[in-house]
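The values are calculated or read from the model by the stated rules, or taken from the named source; none is laboratory data. Worth saying up front: this structure is predicted, and the values here are computed from it rather than measured. Using ideal geometry, Cβ is built from the backbone for each residue, glycine included, and neighbour counts are taken over all protein chains shown. Note: areas computed on protein heavy atoms with side chains; ligands, DNA, RNA excluded. Shrake-Rupley method; radii C 1.70, N 1.55, O 1.52, S 1.80 Å.
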Amino acid sequence: MDVRRPTIADVAKRAGVSKGLVSFVFNDKPGVAAPTRERILAAAAELGWQPDQLARSLSTQQAASLGLVVRRDPTVLAADPFFPAFMAGVETALTERGWVLVLSLVPDADAEAATYRSLAAHRRVDGVLLTDLRRDDERLPLLAGLGLPAVCVGRPDAPAGFPVVNLDDAAGLRAVVEHLVGLGHRRIGYVGGDVGMLHGLRRRATFRAALAGHGLEPVGLVDTDFSAAAGAAATTALLDAPERPTALVYASDPMAVAGLAVLQRRGLRVPQDCSVTGFDGMELGAHLHPALTTVGADPLAWGRAAAGVLLRLLDDGRAEDLELPAAALLVRSSTGPPPDPPA
């Protein structure tokens, strides 16, 4: 049996108004009295009617979508807990107004630039979320030249001309160092991420500066691509070094999990023989044995906030920068005092 879908005319009839007034309400136009607006929304809810997003976008010259272009290896991205949670946060903000997220994975800088040009030329998105900021990021002048509104996820190293939604991860990394030094560790190694990205560079610099504040130098420091495989390889290299660390700090939770596995395969106890910390606050870390000490960055809230700022920019033509609560240390059972020195 074919059940007819409700139409705008049905909503207008149920609410006792014109179709034009229904359209005004669902396009957020001013001039509709509050009781009338509520009656229209109630009628639409009772009938299960929603405006056709394609027709609405054509009438408003909007694509009703935001873009996210990510230049990373898909295998690394698939194992990274940040982006799925970040995109879920974006989607929660977009769903409220019936918009969608357009995701593009690209292999290199040329493909990335071409994708932005295509999105702008074909008006596939109304604005973009700019992640994985880089030194002297060439995407900033490109987007400005294309006239494509954007929000920077993280603080760029130069004035961007776009709103910024930032979360201070340095505070969390400094807390990690204070925690480990407070436990008595003096031989601390670091497995970092891609220093071509500003957050990878800043985390490494923050780690070194925090150690230097205690008169310490890293016993080893390895930069990677943030992947679990690279984290495992870096762990092996640090354990084979002449001066083995008593604590390992990782710039991401997937790398910390991989490092934890390397330590355990070698018969080393965590944290009795070596303490381990991660970064991201992924839920899985709380269920490991031992549970992972990490820094909680709340990417879901970050995604929701970034989408909200971009939507305000599109609605009002301007939006203020937003500073989110700083990343915080989550102490669990993968950290403890260093092993006693041999007699």
* Asked: Got a sec? Charge dipole of the chain, +1 on Cβ for Lys and Arg, -1 for Asp and Glu; which of Gly317, Met87, Ile8 is way out at the positive end?
  -> Ile8
* Structure fact -> Between the Cα axis of helix 170-183 and the main Cα principal axis of the chain, the angle (0 to 90°, nearest 10) is 30
* Accessible area per residue of segment 170-297 at 1.4 Å probe, in Å²? -> 37
* Kirkwood Rh and Cα Rg combined as Rg/Rh, the chain -> 1.10
* Asked: Full extension from Asp157 to Thr236: what is 0.36 nm times the residue separation minus their Cα-Cα distance, to one decimal in nm?
  -> 25.1 nm
* Listed residues Ala42, Val151, Leu77: farthest to the positive end of the dipole of the chain (Cβ charges) -> Ala42
* With +1 on each Lys and Arg Cβ and -1 on each Asp and Glu Cβ, and nothing else charged, work out how big the dipole of segment 120-177 is about its Cα centre, in Debye to the nearest 20. => 140
* Calculate the dipole size of the chain relative to its Cα centre from +1 charges on Lys and Arg beta carbons and -1 charges on Asp and Glu beta carbons; express the result in debye to the nearest 20. => 700
* If you take the square roots of the eigenvalues of the alpha-carbon gyration tensor of segment 79-133 and sort them as a ≥ b ≥ c, do you get rounded (a/c under 1.5), prolate (a/b over b/c) or oblate? -> oblate
* Over segment 235-343: Kirkwood hydrodynamic radius from C-alpha pairwise inverse distances, Å -> 15.8
* Structure fact -> Expressed as a percent, the accessible surface of segment 227-312 that is carbon or sulfur, using a 1.4 Å probe and the full set of protein chains, is 57
* Treat each spin label as a single point 7 Å out from the Cα along the C-beta direction, and report the Ala328 to Thr75 distance in nm. => 3.8
* Once you mark the GluC sites (Glu not before Pro) that are in a DSSP loop and have at most 14 other Cβ atoms within 10 Å, what is the longest gap between them in the chain? -> 139-242
* **3J(HN,Hα) from dihedral phi, segment 153-159, Karplus parametrisation 6.51/-1.76/1.60, rounded to Hz, x for glycine, proline** => 8, x, 8, x, 8, 8, x
* To do: Calculate the spin-label point distance for Arg135 paired with Glu217, positioning each point 7 Å from the Cα along the beta-carbon direction, and give it in nanometres.
  => 2.1
* Asked: With axes computed from alpha carbons, what is the tilt in degrees of helix 228-239 against the longest principal axis of the chain, rounded to the nearest 10 within 0 to 90?
  -> 20
* Taking 7 Å along the Cα-to-C-beta vector as the label spot, tell me the Arg266-Ala109 distance in nanometres, rounded to one decimal. => 3.6
* Structure fact -> One computes Rg over Rh for segment 142-286 from alpha-carbon atoms, with the Kirkwood Rh, and obtains 1.04
